[in-house]
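The values are calculated or read from the model by the stated rules, or taken from the named source; none is laboratory data. It should be emphasised that the depicted structure is a prediction, and the values quoted were computed from it without experimental measurement. Cβ: placed from backbone, ideal geometry, glycine included. Neighbour counts: every protein chain shown. Accessible surface areas use protein heavy atoms only, side chains included; no ligands, DNA or RNA. Shrake-Rupley method; radii C 1.70, N 1.55, O 1.52, S 1.80 Å.
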Amino acid sequence: MRLTSVPQLFKPLTLSIGLATAMPLYSAIDDYSGIFSTITDTSMNNSVKRADSENFKSINSKIRFQTLYETWRDETCFLSSIQDIVNHEAFKAIVAMDKNAVPFILEEIDNNPSTLVWALNYIYHRKISNNPKTTVAEACKLWVKELNK
């Protein structure tokens, strides 16, 4: 069936019905749009499987990090309590990403030094400096230097 011969209003519906009636090799519901998709073509199914490669996982990690970071930054920017800053759910989620978050953290703190650097302390289970006079900006520079060797 050619979708160009179907009126614009019915294209998504026609495509969905056509896909839903075939024996699916792959099916999923998109978390963001709620659209159910089904793939029956073997070559397309293989393409979908390849899309789950490391490159796409990295892109998904970047999007996840960015979303968490922006939420954390926006909701903690006026807080003075270190405990409140590091106990924020988005900060904990960034730390839970473990080393997958490190390249994104480094990129962020290299461009905009911030208390996000504390996430590296949790991920690596250590501080970059034991000097109590080390500023956040200095800690950012030290982590970036050490992890970009």
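The one condition from (1) over 19 Å from Ile59 (Cβ atoms); (2) open to solvent by 30 Å² or more (accessible area, probe 1.4 Å); (3) modelled with pLDDT of 95 or more; (4) out of contact with any Pro (no Cβ under 9 Å at 6 or more places or on another chain) that Glu107 does not meet is (1). In summary, Asp74 fulfils each of the numbered conditions (1) modelled with pLDDT of 95 or more; (2) surrounded by 12 or more Cβ atoms within 10 Å (Cβ to Cβ); (3) in a helix (DSSP H, G or I) with the single exception of condition (2).
If you go through the range 111-149 and pick out every residue that is touching a Cys at 6+ places or on another chain (Cβ under 8 Å) and over 16 Å from Glu70 (Cα atoms), you end up with 0. Checked against the criterion of being open to solvent by 30 Å² or more (accessible area, probe 1.4 Å), hydrophobic (A, V, I, L, M, F, W, C), assigned to a helix (DSSP H, G or I) and modelled with pLDDT of 95 or more, the range 112-133 contains one or more residues that satisfy it.
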